[in-house]
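Chemist: Got a structure here, written out as structure tokens. Questions coming.
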Amino acid sequence: MNNIFSFQRFFKLLSKHTREQYKTYLISTGVLIGILSLIMGTAAYFNGGEFGVNGQLVFFYLFLFLSGTIFTSMVFSDLGDKKKSIPALTLPVSHFERFLVGWAYSFLFFQAIFIICFFIIDFIIISIGNINPLIKNELVSMIDKKDQFLIAFLIFGLLHATAFLGAIFFEKLHFIKTAFAAFVILIILQLVNVPIINQLFRTNGRMQPMFVGISLEESGRSFFIAPSDLAYNIVITMFIGVTVLLWTAAFFKLKEKQV
């Protein structure tokens, strides 16, 4: 018997997890639909029925990142409860199979359900707004805006990996503790960004969001250097690498869990 991965054990564990959690997931989906409908509908209403493509993208990013990280932070909540962790950790399955079930639900299944819910609600809101002949909203297209959606999914992957590691690393208050730790790390990276730029260019750099570009000051004049396409490709590769690294760290942290 393979002690690392078995399709039979994996699908049995996936089926068991689904039977035990499907009510919670259905309620969570209902809450997501309600919040999406309320906030997006209210925004369209107060904007006179107009719901532009950029506004749709903003809501897509916001709800994907926020709801996704909250859901991911709770996927291993049973491990923080001694009563629930005992049956969870004593199941005759490998750590990789346990890891893969949590990863599949929080990363693959969540994104699929979120995209379906978002576009259904988005379509309904746009259809209602287009009742007025003076307003013709267009549904945001994943094909036309593929680059922006790719960025959204890359960022979500990194956020998911961070929340996934936090869900295993912390025993209580997973989302709050993970968010605080990530916030501190981002602040430190942002603060050291300017001194590094000053050393590289031998000039005064200004505070600038990471990966957006470099803002310099020289002789009372300001210069902005935008990143090249190659730089963006490097950033994308870095995002993927860090995401995989965090997922790997989460797996080894899960292996350390004991009854």
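Chemist: Bin all alpha-carbon pair distances of region 12-57 at 5 Å intervals from 0 and give each bin's fraction as a whole percent.
Modeler: 5, 19, 16, 15, 11, 10, 9, 8, 6, 1, 0
Chemist: Just to confirm, what accessible area per residue do you get for region 42-194 at 1.4 Å probe, in whole Å²?
Modeler: 54 Å²
Chemist: Another question, if that's okay. Return the inverse of the average 1/r over all pairs of distinct C-alpha atoms in region 35-127, which is the Kirkwood hydrodynamic radius, in Å to one decimal.
Modeler: It is 15.5 Å.
Chemist: Between L62 and E138, what FRET efficiency comes out of the Förster formula 1/(1 + (r/R0)^6) with R0 = 22 Å and r the beta carbon distance, rounded to 0.05?
Modeler: Plugging the Cβ-Cβ distance into 1/(1 + (r/R0)^6) gives 0.65.
Chemist: Moving on. Just the C-alpha atoms of region 111-187: what Rg/Rh do they give, with Rh taken as the Kirkwood radius?
Modeler: Values: Rg = 17.9 Å, Rh = 15.4 Å.
When Rh is taken as the Kirkwood radius, the ratio is 1.16.
Chemist: Further, regarding this structure: Heavy atoms only, probe 1.4 Å: what % of the accessible area of region 1-119 goes to carbon and sulfur, would you let me know? Write out the running numbers ahead of the final one.
Modeler: Working: 4720 of 6660 Å².
Of all accessible area on region 1-119, carbon and sulfur atoms account for 71 percent.
Chemist: Still on this structure, please answer the following. If each of V53 and I70 carries a label point 7 Å out from its Cα toward its Cβ, how far apart are those two points in nm?
Modeler: Distance between label points: 3.0 nm.
Chemist: Just reorder S6, S28, S73 by solvent-accessible area, largest first, 1.4 Å probe, all chains present.
Modeler: S28, S6, S73
Chemist: With 20 Å as the limit, write out which pairs from K16/K253; K177/K253; K172/K255 have Cα-Cα distances beyond it, or answer none.
Modeler: In this structure, K16/K253 exceed 20 Å between Cα atoms.
The values are calculated or read from the model by the stated rules, or taken from the named source; none is laboratory data. Every value quoted in this text rests on a predicted model; they were computed, and no experiment measured them. Neighbour counts run over all protein chains shown; Cβ positions are idealised from the backbone, glycine included. Each accessible area value is taken on the protein alone, full model and side chains, heavy atoms only, with ligands, DNA and RNA left out. Shrake-Rupley method; radii C 1.70, N 1.55, O 1.52, S 1.80 Å.
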